[in-house]
Each structure stands twice: as structure tokens, then as C-alpha cells.
């Protein structure tokens, strides 16, 4: 287990370093995923780095996976016989800026799009935590843990929803502590359709950190699943 602790400690440092030294805006979540994976590979700290790591639904449901979809994990790293999982979220507000392509300046290009549905994004962030818990339970001798990571320029996520919102349980508000047990919508609406409640085995807290990418303020948080 000491080997596993060393892996997650190095992975924490590498993820934070990637985010804090990122000097170009990323277009979307796939861009975030691929650039992070390239950075992790280039670090030389891992024996393997995979993206879209596939696990069939039939395997996951045996450990209480609440959803009907297969699992395609964003990033999985391996060192010797130990694995760690990284799940990413990159919800954004619109950013328009000038970019240079083929030595030509292109003014007013929408680099980062505006994403709404903050309640569903928040749900999916905690769903990522649950997914990693399930993976760790399925492969306890191999998977040492993982991280759910959110990077955003949308302040909603740092402050959380208004009190009494249907997504209170899924808040990612800064300073929220001891998040554990059943997470559920406060009432059933069209938003919650197809998004079942789920149970978190671990106890988690949210702490946000500020950074800048091309002079635009971003925030990031990492939840470690041990």
C-alpha cells in the first residue's frame, strides 16, 4: 500500500502542476483530457497512461453501479502493478479571444463555449467520485484510488446552488465538508429524470484553488478517493 500511496501522491502533484502551469485555453473536456494525458506520459512517472479506459456495465453493476452505461474512464495511470483513475470535468463560461493560426491572426474566436445545466454537471461530478469508489472496490488489489477533478471558470461551482435548490446534495460549494451517504435530488423534476440517487462510501470535502489561464481566472478542485 505504500507503493499505492506514493503513486497517488505523485499523481496529485502532476495534476496540480499541469493545471497551474497551463498557459493556453483548452477548448473542451476532451482537450483537457488529452493534454493532461500527454503531460502525464511526458513526466516519466508512470509505466502506462491510458485514456477512455473501458469497463463494461455488467462488471460494474455487480458492485452496485447505479447507471446503465458502460464506464469509459478519462485517464488511468499505472506504476508497476498499481493503478489510479482520474475523472475530469471542465464546465465553462464563454471566452472569446484572438488566436493565431498558420501565422495569421484570427480575431474574436470563441475558444471556450458556454455550458449551462450546472445542476447536472454537479451531479456528474459526484457521480465520478462514486464511479472511482466502485472501480476501487472491484479491483482492490490493483486500483489504489483516484481523483475526481473539476476545472472551471464558472463561479457557480465554487459557491454552490441557492439554498433549497433541487441539487443541494450535489453542491460543489467551497468549504463543504463530510459529504457522505446518499446523494439525492430534493424533489423529482424533469431535470432529475434518469439521474438516480447514489451512495458515497467515503467522506469528502471540497476546497477550491484559483489559477489563471491566458489571464482568465479559473478554479480547480480535486477529490481524492482512497
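Mind sorting 96, 211, 152, 104 by how few other Cβ atoms lie within 10 Å of their own Cβ, fewest first? Display every interim value, and only then the final one.
Numbers: 96 10, 211 15, 152 22, 104 7.
Result, fewest neighbours first: 104, 96, 211, 152.
Neighbour counts of other C-beta atoms within 10 Å: give me 166, 132 arranged from fewest to most. Please report the intermediate quantities before stating the final value.
On the way: 166 16, 132 26.
By the 10 Å Cβ count, ascending, the order reads 166, 132.
Give me the percent of DSSP beta bridges within segment 2-225 that run antiparallel, rounded to the nearest 5. Please report the intermediate quantities before stating the final value.
On the way: 34 of 41 bridges.
The antiparallel proportion sits near 85 percent.
Could you work out which residue, out of 188, 72, 101, moves most in a Gaussian network model of the chain, that is, has the largest mean-square fluctuation with Cα springs under 10 Å?
101
For each of 204, 80, count neighbouring Cβ atoms within 10 Å of the residue's Cβ, then give the residues from fewest to most. Could the numbers behind the result be given before it?
Numbers: 204 16, 80 10.
Result, fewest neighbours first: 80, 204.
Readers should treat all values here as calculations from the given coordinates under stated rules, not as data from a laboratory. Owing to the predicted nature of the structure, the values given are computational and were not obtained by experimental measurement. Here the Cβ is made from the backbone with ideal geometry for all residues, glycine too, and neighbour counts use every protein chain on show.
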